[in-house]
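**Student:** This is the structure, below, for whatever I ask next.
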Amino acid sequence: MFDPTSTSNIPADLEAFWMPFTANRQFKAKPRLMVAAQGMHYTTHDGRRVLDGTAGLWCVNAGHGRQEIVQAVAAQMSQLDYAPAFQMGHPIAFEAATRLAKMFPADLNHVFFANSGSEAVDSALKIALAYHRVKGNGTRQRLIGRERGYHGVGFGGMSVGGIPTVRKFFGGLLGGVDHLPHTHNLEHNAFSPGQPQWGAHLAEELERIVTLHDASNIAAVIVEPVAGSTGVLIPPVGYLQKLRQICDKYGILLIFDEVISGFGRLGTGFATDYWVNPRHCLPSQGDYQCFSPHGGGGGAGGDSSGVHEWG
Ligand SMILES: Cc1ncc(COP(=O)(O)O)c(C=O)c1O
């Protein structure tokens, strides 16, 4: 039996847990287990103190073991551990949504809660499709992602994502998806401090895709404002603004996946605060501190036959 208070225990049987994104045989031959965490540091099963340089999986933005968070979660669990969100609710969900909406950029004023970043991405893509449909533009079904993008492991997110190893085992994925080129170019951008000067023109590839398919068939573009999982890629100067302009010109929704860049990661509420406004924003991991699996998305209700009103 594993004793979490001991720093030298490894569970007798590591077999049953099929670990995600992990070389399972190698790991299990030489496990690296974290048994405790405080502040910026983990403690490993063999008693080492390890600096948590990535804040977990980019999701422990407030640091480990924050007592005010532990106590708030425990208090809520004692009072009400679960209430269905179908035709029922509980007050805290509404309060949380109101507070989140105030933090969101620009006119993003509605919150759709999800259980993970992957689910938030797939929900955002579905909301984009449904939005166009209820606005009478049901032919707008195509989705545009970007090479090297990471949007989680749902079928929607894998389809618009652009990391080959995440996609290659899963066949045809969603139909009707195109990819913008990524912005990583060492010849032009190596050693750029801050935003690279080269690369804004890559957003113009969106014009080419629009010409090919016609805007009337395109629902949404989704990108990470700052790409994370592919290796951190800061957007070139002017690139996101150009994407915003082209999307506006053709009535295409622009979705910013801020699952790891949101909630203080870049020194602002959201990465987009530095640049431009999305129509949907998917902040997730940092906001809930990964105590429990959560994700979420913000949507704009300003154009008011907005999709949240369809029911
Ligand atoms: C940009 C982005 N989108 C989506 C996800 C998926 O989030 P989750 O692992 O919570 O499903 C991640 C995860 O790292 C991410 O970095």
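**Student:** Based on the Cα gyration tensor of the chain, what are the three equivalent ellipsoid semi-axes, each the root of five times an eigenvalue, rounded to whole Å and given largest first?
**Tutor:** 35, 25, 19
**Student:** Follow-up question, since we're still on this one. Using a 10 angstrom Cβ neighbour count of at most 16 plus a DSSP loop assignment to flag exposed trypsin sites (Lys or Arg not before Pro), which longest range of the chain is free of such sites?
**Tutor:** It runs 169-311.
**Student:** Decide, for the range 137-223, between rounded, prolate and oblate: order the square roots of the alpha carbon gyration tensor eigenvalues as a ≥ b ≥ c, take rounded if a/c falls under 1.5, and otherwise choose prolate if a/b is larger than b/c, else oblate.
**Tutor:** Judged from the Cα gyration tensor, the range 137-223 comes out oblate (a/c at least 1.5, b/c at or above a/b).
**Student:** How do L186, L57, L266, L206 rank when sorted from fewest to most other Cβ atoms within 10 Å of their own Cβ?
**Tutor:** Fewest-to-most ranking of L186, L57, L266, L206: L186, L57, L266, L206.
**Student:** Summing -39500 (n - 2.57) over the DSSP H runs of n ≥ 4 in the chain and dividing by its residue number, what mean residue ellipticity at 222 nm do you reach, to the nearest 500 deg cm²/dmol?
**Tutor:** Calculated mean residue ellipticity at 222 nm is -8000 deg cm²/dmol.
**Student:** How tilted is helix 117-134 with respect to the longest principal axis of the chain? Cα atoms for both, answer in degrees (0 to 90, nearest 10).
**Tutor:** 30 degrees
**Student:** Report the net charge of residues surrounding G152, where surrounding means a beta-carbon distance below 10 angstrom and charges are Lys +1, Arg +1, Asp -1, Glu -1.
**Tutor:** Charge balance near G152 sits at -3.
**Student:** By count of other Cβ within 10 Å, fewest leading, how are Y82, Y239 ordered?
**Tutor:** Y82, Y239
**Student:** Around G228, what is the net charge, scoring Lys/Arg as +1 and Asp/Glu as -1 over all other residues with Cβ under 15 Å from its Cβ?
**Tutor:** -1
**Student:** What does the net charge come to around Q197 if you take all other residues with beta carbon closer than 15 Å to its beta carbon, with K and R at +1 and D and E at -1?
**Tutor:** Here the charged neighbours net out to 0.
**Student:** Which of the chymotrypsin sites (Phe, Trp or Tyr not before Pro) across the range 143-231 are loop residues per DSSP, with 10 or fewer other Cβ within 10 Å?
**Tutor:** Within the range 143-231, the qualifying chymotrypsin sites (Phe, Trp or Tyr not before Pro) (loop, at most 10 other Cβ atoms within 10 Å) are F169, F191.
**Student:** What list do you get for F94, F256 if you sort them by fewest beta carbons within 10 Å?
**Tutor:** In order of increasing Cβ crowding within 10 Å: F94, F256.
Each value in this text was obtained by applying a stated rule to the coordinates, not by laboratory testing. Values in this document were obtained by computation on a predicted structure and should not be read as measured data. Glycine gets a Cβ as well: all are built from the backbone with ideal geometry, and neighbour counts include every protein chain shown.
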